[in-house]
Every structure is written in C-alpha cells, then in structure tokens.
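> Got a structure for you, questions after.
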Amino acid sequence: MRTFRLDENNDLTLDNTGNLAMVTGIEATAQTSRNYAGTRSGEMIYAMDQGIPFFMTSFDRFPNLAQFDAALRRRLLEVETVRAVTALDVRYEDGAVKYTATLQTTDGVVTING
C-alpha cells in the first residue's frame, strides 16, 4: 500500500524536496485504517453506505459500544491490506468513545488508537 503522508491534523505533508510526502507498507496501512475508522457514515458522497454510524453509536449520552465495536470491525476490514482485527478495545472515556485496535496486515501486526 502507498498513500500520502498526513500529519497529526490530517493535513498533507511535504518531503525534503518539497514534494508531497508518501508512506508505504505498514505505516500506510496504519494511517489508512485510522482514516477509515474516523469516517462518518454518509460522509462520502459516492459511498453513502460506508463509514461508522457515529450518531447512532457514540454521540449519545449512553453510547452503544457493542454496535460501535461491530461497525468499527467491519470498517477496518475494508482496508485492502488488513487481514484480521485480532484485538479491539472499545471504551467510553472522558465523554468520548475511544478504541485501540490490533490489526494483522499483509506487512505484519500494527496497533492503532482513536
């Protein structure tokens, strides 16, 4: 996998020569997985059925963690280089739903947080 490198604000970055920076391998899979996990259902105009149903699962006074867990697992498996979600911890902490996922990818094992 190869994709554009994003910074902590999800902005494109430049390499040392002033060109758009790229990432490959497991780093690209981790970045893409975090982006997939953060995509709200209905956000993509050409794929309205994809994404996480945040309004139904996490933006509630009593979030439905089981439904969020299931939606997140499905979404992460849509990343072309992710083979399995080997561990997923979904929790409600400080007024927000957070997760830690361990993914088996074509390049190895990677853990992502969100």
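The values are calculated or read from the model by the stated rules, or taken from the named source; none is laboratory data. In this text the structure is predicted, and so the values were computed from the model without any measurement. Here the Cβ is made from the backbone with ideal geometry for all residues, glycine too, and neighbour counts use every protein chain on show.
> Which residues, counting only those in the stretch 55-84, are more than 16 Å from Glu27 (Cα to Cα) and within 12 Å of the chain's Cα centre (by Cα)?
Ala71, Leu72, Arg73, Arg74, Arg75, Leu77, Glu78
> Considering Arg2, Arg34, which residue is among the charged types (D, E, K, R) and in contact (Cβ under 8 Å) with a residue 60 or more places away in the chain?
Arg34
> In this structure, does Thr17 turn out to be touching a residue at least 60 places away in the same chain (Cβ under 8 Å), outside any strand (DSSP E or B) and of a type outside the set (A, V, I, L, M, F, W, C)?
Criteria not met by Thr17.
> Here is a follow-up. Out of everything in the stretch 53-67 that is within 14 Å of Glu93 (Cα to Cα) and surrounded by 14 or more Cβ atoms within 10 Å (Cβ to Cβ), what residue ends up being modelled with the highest pLDDT?
Checked the stretch 53-67; the qualifying residue modelled with the highest pLDDT is Leu65.
> Could you grab the pairs with beta carbons closer than 9 Å, sequence gap of 6+ or different chains, first residue in the stretch 74-86 and within 20 Å of Asp49 (Cβ to Cβ), second one assigned to a loop (DSSP other than H, G, I, E, B) and not hydrophobic (A, V, I, L, M, F, W, C)?
Partner pairs satisfying both residue conditions: Arg75/Thr39; Arg75/Gln50; Arg75/Gly51; Glu78/Gln50; Glu80/Thr106; Val82/Thr106.
Here is a yes/no grid of residues against (1) out of contact with any helix residue (DSSP H, G or I) (no Cβ under 6 Å at 6 or more places or on another chain); (2) of a type in the set (D, E, K, R); (3) outside any helix (DSSP H, G or I):
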| position | (1), (2), (3) |
| --- | --- |
| Arg34 | yes, yes, no |
| Gln50 | yes, no, yes |
| Phe62 | yes, no, yes |
| Ala71 | yes, no, no |
| Arg75 | no, yes, no |
| Ala84 | yes, no, yes |
| Thr102 | yes, no, yes |
